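First up is the structure itself, then whatever we jot down about it.
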Amino acid sequence: MRCLLAAVFMAGLTALPAFAAPTITEILAANKAASGGSAWDHGGTLGIDSAYSGQGLTGTTHALADLKTGSWADSYSIGPMTGGSGFDGDKAWMKDMSGTVTIQAGGDQRQIAINEAYRRANLWWRPGFSGATITSGGTKTDHGATYDVLKVTPKDGKIFTAWFDARTHLLARIAEKQGALTITTSYSAYRPVNGLMLPGKTVIDEGSGAKYLQTLSLTKANLSAKTNAADFAPPKGAVTDFTIAGDAKETIFPIRIINNHIYGDVMVNGKGPYNFIFDTGGHNILTPATAKALGVKTEGELPGHGVGTKVAETGIAKVDSLKLGDATVKHQVFVVMNFVPNEVEGVTVDGMVGFEVFRRFVTRIDYGGGTMTLTKPAAFEAKTAGTPIPFNFNSHIPQVKGSFEGLPGLFDIDTGARDDVTLLGPFVEKENLRAKHPKGVLVVDGWGVGGPARGYVTRGKELTLGPVKIPNVVASFSVQKKGAFSDASYQGNVGGGILKRFIVTFDYDHQIMYLKPQPGPVADTGVFDRSGMWINQAKDGMEVMDVTAGGPAAKAGVELGDVITMVNGKNATAIPVYELRRMLRNAAAGSVVALTIKNAKGTRETRLTLADQI
């Protein structure tokens, strides 16, 4: 909810001579004068209450700011959701919808919080711009209005642009890159409150289209001369909404590894079992079909984003209970969305277990043993868990320090990703990685929220996660210009292809991941598709969704949109798509696969000779 609860505190005005372009100092001086001038100099705490509307939901928000330091704390109650976020001058924090609190130090989370503090205290009005670097963005015209634009980079923050109305000098707009999204916040309908000019209307646009705009309408503002540091500190108090039957210390239950994803049986509101993915990169999710079967009410029309370029519409629903093995979590808010088509996975996907569950337990994933263990945090013993690797939270995702071929970076740990490691586009471009890896192929290498993802797949010499070294990795250099993998605030995303080489334990309370190597060799690691095509399950077999230029499938005459109906004489509908992908990946180079293919032109036979592509 960070972008939803953006600051609503800035303003600015007074006319400048038309014959001279104003300097940065003049723009900001005019802004202060028109915003209330010396009324801001007394400091204190400013509280603002707003009515929220947008994305099919209504509610209220409360925003608090220390006008001297910029420390801030926000809270919201919107539809079925409650939560908040803040910055105490040192630590950025988030209180998620499930009630747990995490310190936010991964990705650009702290930088964004610092930017917010800078704007809330109007630190640009102070000598030396309070250590920020500010440059002119020139004069711009938009919808008939003229703006003086400044590019601002606060100390320890990140660049954002501020648009000041050239006529009134009020702050009209902030544009800021947050992760992979550019958030544009517009301010209007200013009104005087205690000598301060405050925007009566704030509109937040995260770039998903007019349908998803969010509006905050000021209902109440209060300026207090006193400040209390405790008002901005991370909230304290442990959640008590989870149990393990018989007051046991832990519960162990079976999991299934499909497409390098983790699946397990879950009971929801006493019904099921349902087939859920367990994903450290995601939230608790129900598919619309599962929500309908459960009879739960879905509210809102929110945008969902993932690795693909498309926006997936989501809703929000309340769930009374979630049961995993002998563990139960009660009274949770779930996202409702089609986060992955069944034809991509080859199984019916009913939902996802994400951050909200992992945050409550210590979670051990034994890929080789096919089990997951949920342990009460107070009962966890780390001595046999493996190598400890500290992590920070990048929103809800664990993020560790590591390196790729000696290049240091931050890496999200994502059990919901099927590949070894994806290097994000900005990092790939900065380090010129494509030129350093001439042997590779441009392919569809993943499919999730937002549709297919494309990458340049090659062989990497070594990936490190903390002190743990993993040689011979399959690396995808993302070419996505939108979506999660276009983010410049971290360098890579580590998936199941790497994680399944270990017994992985997550201790979210202490922000430590443990890696313990699996005993013996691990099958299906360090290999990449030898067919040169991406296939999804279809009614009559397997549909070809992508063909690698010059690859084995292309040489065999396979075309985009073809449906494979027979494989080596066996009906393709009798083969799970994940098993066929595994065979096309692991069968030796030079192996020949007999295919029967149909399309609008008719049916034909072809022989596909598998070959190494990287």
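Of note:
- Test for residue 318: is it more than 30 Å from residue 386 (Cβ to Cβ) and in a strand (DSSP E or B): yes
- Restricting the range 399-418 to residues that are surrounded by 21 or more Cβ atoms within 10 Å (Cβ to Cβ) and more than 17 Å from the chain's Cα centre (by Cα), the residue that is nearest to residue 489 (Cα to Cα): 402
- Taking first residues from the range 175-190 that are farther than 13 Å from residue 489 by Cβ and partners that are in a strand (DSSP E or B) and of a type in the set (Val, Ile, Thr), the Cβ contacts under 6 Å between residues at least 6 apart in sequence or on separate chains come to 175/161; 175/184; 185/174; 185/204; 186/203; 187/202.
- Scoring residue 224 on the criteria (1) over 23 Å from residue 109 (Cα atoms); (2) in contact with a Cys (Cβ under 9 Å, 6 or more places away or on another chain) leaves a single failure, condition (2).
- The residue that is nearest to residue 368 (Cα to Cα), counting only those in the range 511-522 that are open to solvent by 80 Å² or more (accessible area, probe 1.4 Å) and touching a residue at least 24 places away in the same chain (Cβ under 8 Å), is 519.
- Check on residue 308, buried (at least 18 other Cβ atoms within 10 Å of the Cβ), modelled with pLDDT under 95, in contact with a strand residue (DSSP E or B) (Cβ under 9 Å, 6 or more places away or on another chain) and within 22 Å of residue 346 (Cβ to Cβ): yes
- If you filter the range 34-59 down to residues that are free of Cβ contacts under 8 Å to residues at least 60 places away in the same chain and open to solvent by 30 Å² or more (accessible area, probe 1.4 Å), you find that the one that is farthest from the chain's Cα centre (by Cα) is 38.
- Restricting the range 532-580 to residues that are part of a loop (DSSP other than H, G, I, E, B) and of a type in the set (S, T, N, Q) leaves a set whose member that is surrounded by the most Cβ atoms within 10 Å (Cβ to Cβ) is 548.
- Pairs, first within 13 Å of residue 596 (Cα to Cα) and without any contact (Cβ under 8 Å) to a residue 60 or more places away in the chain in the range 537-565, second among the acidic types (Asp, Glu) and surrounded by fewer than 14 Cβ atoms within 10 Å (Cβ to Cβ), C-beta under 6 Å, six or more apart: 563/540; 565/540
- Check on residue 110, charged (D, E, K, R) and open to solvent by less than 20 Å² (accessible area, probe 1.4 Å): no
- Within the range 12-31, the set of residues being modelled with pLDDT of 95 or more, under 28 Å from residue 227 (Cα atoms) and open to solvent by less than 50 Å² (accessible area, probe 1.4 Å) comprises 28, 30, 31.
- Of all residues in the range 452-507, those satisfying the criterion of being modelled with pLDDT of 95 or more and among the charged types (D, E, K, R) are 459, 461, 462, 469, 500, 501, 507.
- Which listed residue, of 77, 85, 98, is over 27 Å from residue 226 (Cβ atoms) and polar (S, T, N, Q): 98
- Test set (1) of a type outside the set (Ser, Thr, Tyr); (2) touching a residue at least 12 places away in the same chain (Cβ under 8 Å); (3) open to solvent by 20 Å² or more (accessible area, probe 1.4 Å) - residue 117 fails condition number: (3)
- Residue within the range 204-226 that is crowded, with 19+ Cβ neighbours inside 10 Å, in contact with a Ser or Thr (Cβ under 8 Å, 6 or more places away or on another chain), of a type in the set (S, T, N, Q) and farther than 19 Å from residue 329 by Cα present: yes
- Conditions (1) surrounded by 19 or more Cβ atoms within 10 Å (Cβ to Cβ); (2) modelled with pLDDT of 95 or more; number of the one not met by residue 200: (1)
- Residue in the range 460-472 that is assigned to a loop (DSSP other than H, G, I, E, B), hydroxyl-bearing (Ser, Thr, Tyr) and farther than 29 Å from residue 544 by Cα present: no
The values are calculated or read from the model by the stated rules, or taken from the named source; none is laboratory data. This one's a predicted model, so the numbers in the text were calculated from it and none came from an experiment. All Cβ positions, glycine included, derive from the backbone under ideal geometry; neighbour counts span all protein chains shown. For accessibility, only protein heavy atoms count, side chains too; no ligands or nucleic acids. Shrake-Rupley method; radii C 1.70, N 1.55, O 1.52, S 1.80 Å.
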